[in-house]
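The values are calculated or read from the model by the stated rules, or taken from the named source; none is laboratory data. If you're wondering where the values come from, they're calculated on a predicted model, not measured in any experiment. Because the Cβ atoms are built from the backbone with ideal geometry, glycine has one as well, and the counts that use them run over all protein chains shown.
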Amino acid sequence: MPLGTRTALTRIAGHIPRVAVAAVAALALTACGSSANGKAESKPSGEADAKSAAFPVTVEHKYGSTKIEAEPKKVVTLGLSDQDAVLALGVRPVGSVDWFKEKPYGKWPWTKDLWGSKPPQIVGERDEYNMEKIAALKPDLIVAQYSGMKKEQYDTLSQIAKVVAQPRGHEDYQASWQVMTKQIGKALGKDAESEKLIAGIDARFKAVRDKHPEWKGRTVAVGEPYGGKYSAFSPRDPKVMFLTEMGFTTSAAYEKALGKQNIAELSSERLDVMDADRTVWLGTPESEKAVKADPLYKKTKVHQEKRDLFLPYNSPDIGAALSFNTVLSIPYAIDEVVPRLEAVK
């Protein structure tokens with residue numbers, strides 16, 4: 001898990017506004033054939049037969065492949081943002097991991113309504129799983145997409161239930177939201193529904209690109225200041241991919257500096273890595289003040305030419321939405337980020 005994100009999200013616990021994105025929640029529920037209270041509606045026999053016909057399915061992943069014989073009824077999500085796609089597909093996980101003390105239910109505006117009154121059992125924090133709690137839930141499917149699950153953890157969990165680990169061919173935490181949504185949709189027997197959700201988000205990004213053709217090809221760098229140092233996020237990190245889907249790109253120098261790692265730690269002397277047409281910093285009001293007071297940062301062209309943009313992790317929950325970068329958080333993030341990007345000339 002990226003260290004920079006860990007330090008910042010730890011600081012945002014406990015002060016999340018209770019804002020509901022009713023439109024997104026309603027869209028997700030409607031797309032999945034669920035009622036407003038999140039409970040599955042009774043299905044016509046033909047639809048139930050079609051759902052049964054979706055199985056068995058085989059999902060390939062980092063540690064092999066998993067054959068799922070029947071529709072999962074009890075799902076545990078171990079990826080840090082996996083619960084979003086599962087919720088969007090009309091299934092409420094019975095267990096989930098805690099992301100930096102941000103209980104994964106009821107706080108984020110894009111999922112609050114979908115959780116309703118049935119929060120999941122917390123079965124771990126980040127990539128540390130409580131195997132006993134997971135086993136006690138008796139799940140029939142465990143999903144770990146946006147995760148750093150190790151092979152030994154996978155082997156242990158596979159003795160409890162079917163496990164769909166990280167997408168094959170991607171570094172941990174670097175698969176796109178489309179890939180992870182498709183993996184989850186296939187595991188749940190909801191391929192069509194997941195494709196519909198993806199198409200809706202793709203349309204939102206296209207609308208932004210059409211409105212702002214001037215962003216095409218402009219470079220972007222995304223990082224986080226902390227404790228007098230800086231971090232830079234990989235071009236394949238969700239926060240960067242969110243911006244590249246709006247037309248931005250990353251420079252060859254930025255890509256070389258990151259390599260295969262998801263995050264690079266930088267000193268003030270290496271701020272050249274963050275030079276881009278748009279340099280986006282995620283953090284808190286305190287970290288923003290600290291950066292602007294850094295003598296070396298003051299000398300950077302990106303700051304002197306006002307090409308930098310500071311986004312908060314919370315209040316509003318922009319940084320959190322970018323970190324999740326899911327079918328539920330992306331609409332919220334677009335609405336919050338686009339006006340701020342437009343203000344940077």
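Do we find a residue being in contact with a Lys or Arg (Cβ under 8 Å, 6 or more places away or on another chain), basic (K, R) and more than 21 Å from D98 (Cα to Cα) anywhere in region 136-156? No, because not a single residue in region 136-156 is in contact with a Lys or Arg (Cβ under 8 Å, 6 or more places away or on another chain), basic (K, R) and more than 21 Å from D98 (Cα to Cα).
Which residues, counting only those in region 294-306, are within 12 Å of S268 (Cα to Cα) and either of a type in the set (V, I, T) or surrounded by fewer than 16 Cβ atoms within 10 Å (Cβ to Cβ) (or both)?
First pass over region 294-306, keeping only residues within 12 Å of S268 (Cα to Cα): 294-300.
Within region 294-306, P295, L296, K298, K299, T300 meet the criteria.
Put simply, of S315, S268 the only residue that is hydroxyl-bearing (S, T, Y) and either modelled with pLDDT of 95 or more or in contact with a strand residue (DSSP E or B) (Cβ under 9 Å, 6 or more places away or on another chain) (or both) is S268. Condition first: more than 21 Å from E128 (Cβ to Cβ), surrounded by fewer than 22 Cβ atoms within 10 Å (Cβ to Cβ) and at pLDDT 95 or above. Now tell me which residues in region 73-111 satisfy that. Result: K73, K74, R92.
Among the residues of region 242-255, those identified as more than 23 Å from K299 (Cβ to Cβ) and either among the hydrophobic types (A, V, I, L, M, F, W, C) or without any contact (Cβ under 8 Å) to a residue 12 or more places away in the chain (or both) are F242, L243, M246, F248, A252. Of everything in region 139-172 that's among the charged types (D, E, K, R) and outside any loop (DSSP other than H, G, I, E, B), which residue is nearest to T77 (Cα to Cα)? Going through the qualifying residues, I end up with K162.
Taking region 224-259 as the range and being basic (K, R) and closer than 19 Å to A203 by Cα as the test, only K239 passes. Select, from S234, S176, the only residue that is surrounded by fewer than 19 Cβ atoms within 10 Å (Cβ to Cβ), among the polar types (S, T, N, Q), in contact (Cβ under 8 Å) with a residue 60 or more places away in the chain and under 24 Å from W110 (Cβ atoms). One residue alone meets the criteria, S176.
Given the criteria in a helix (DSSP H, G or I) and at pLDDT 95 or above, does M180 qualify? Here the answer is yes, as M180 does meet what is asked.
The condition (being more than 18 Å from the chain's Cα centre (by Cα), among the small types (G, A, S) and not in a strand (DSSP E or B)) is satisfied by just one residue among A136, A175: A136.
Looking at the structure I just gave you, is V291 within 12 Å of P225 (Cβ to Cβ), part of a strand (DSSP E or B) and not small (G, A, S)?
no
For region 294-335, the set of residues classified as over 18 Å from D272 (Cβ atoms), among the hydroxyl-bearing types (S, T, Y) and part of a helix (DSSP H, G or I) consists of S323, S329, Y332, listed by residue number.
Answer yes or no: is there a residue in region 259-274 that is of a type in the set (V, I, T) and either under 17 Å from R236 (Cα atoms) or within 24 Å of the chain's Cα centre (by Cα) (or both).
yes
Checking the stated criteria, V344 turns out to be surrounded by fewer than 21 Cβ atoms within 10 Å (Cβ to Cβ), part of a loop (DSSP other than H, G, I, E, B) and among the aliphatic types (A, V, I, L, M). Against the condition surrounded by 12 or more Cβ atoms within 10 Å (Cβ to Cβ), β-branched (V, I, T) and in contact (Cβ under 8 Å) with a residue 40 or more places away in the chain, how does V273 come out, does it pass? In short, yes.
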